[in-house]
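Structure first, then comments.
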Amino acid sequence: MTVEVATNPDSTATVRIAGEVTSEAEFALRDALGTAGGTGPLIIDLTGVTHLDTAGLELLKELAAERGLEVVMGPGCRVFSVVQVSGLCDDATVQCR
């Protein structure tokens, strides 16, 4: 799993995640997300994620409750159906670009 954190011109933060998001990667992802500054909801780009397990989903739901979350998924995103079924769409804004 790789994680890139960037601050946007409008002072929001975008986190781009790629690879497998599993319980083994949860602590590393949590640390990376903790470095994301910015204001407003956190923007999470899942376009490059190939696997998203329960631990990753729970972390995203936690972030949605604490800070607000905008999830971005590109065409053909491999975890789109997992995000839909998980109920994350009820807790976060989900955009498909």
For the stretch 15-32, check the following and say yes or no: at least one residue is free of Cβ contacts under 8 Å to residues at least 24 places away in the same chain and of a type outside the set (Phe, Trp, Tyr). yes
Close pairs (9 angstrom Cβ cut-off, 6 or more residues apart or separate chains): crowded, with 18+ Cβ neighbours inside 10 Å in the stretch 45-63, of a type in the set (Ser, Thr, Tyr) and in a helix (DSSP H, G or I) anywhere: Leu52/Ser86; Gly56/Ser23; Leu57/Ser86; Leu60/Ser86
When the stretch 75-93 is checked residue by residue, the ones that are surrounded by fewer than 18 Cβ atoms within 10 Å (Cβ to Cβ) and under 15 Å from Val15 (Cβ atoms) are Thr93
Would you be able to say whether some residue in the stretch 31-53 is within 13 Å of the chain's Cα centre (by Cα) and of a type in the set (S, T, N, Q)? yes
Which pairs have Cβ atoms under 7 Å, sit 6 or more apart or on different chains, and link a residue in the stretch 84-97 that is within 17 Å of Thr47 (Cβ to Cβ) and touching a residue at least 12 places away in the same chain (Cβ under 8 Å) to one that is surrounded by 13 or more Cβ atoms within 10 Å (Cβ to Cβ) and among the acidic types (Asp, Glu)? Ala92/Glu70; Thr93/Glu70; Gln95/Glu70
Matching strands (runs of 3 or more DSSP E) fully within the chain where at least 3 residues are touching a strand residue (DSSP E or B) at 6+ places or on another chain (Cβ under 8 Å) and either at pLDDT 90 or above or among the hydroxyl-bearing types (Ser, Thr, Tyr) (or both): 2-7, 13-21, 42-52, 69-73
Based on what the data block shows, is Thr14 touching a Cys at 6+ places or on another chain (Cβ under 6 Å), surrounded by 17 or more Cβ atoms within 10 Å (Cβ to Cβ) and not acidic (Asp, Glu)? no
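The values are calculated or read from the model by the stated rules, or taken from the named source; none is laboratory data. Small disclaimer: the values here were computed from a predicted structure and weren't measured. A quick note on method: Cβ atoms are made from the backbone with ideal geometry, for glycine too, and the neighbour counts reach across all protein chains shown.
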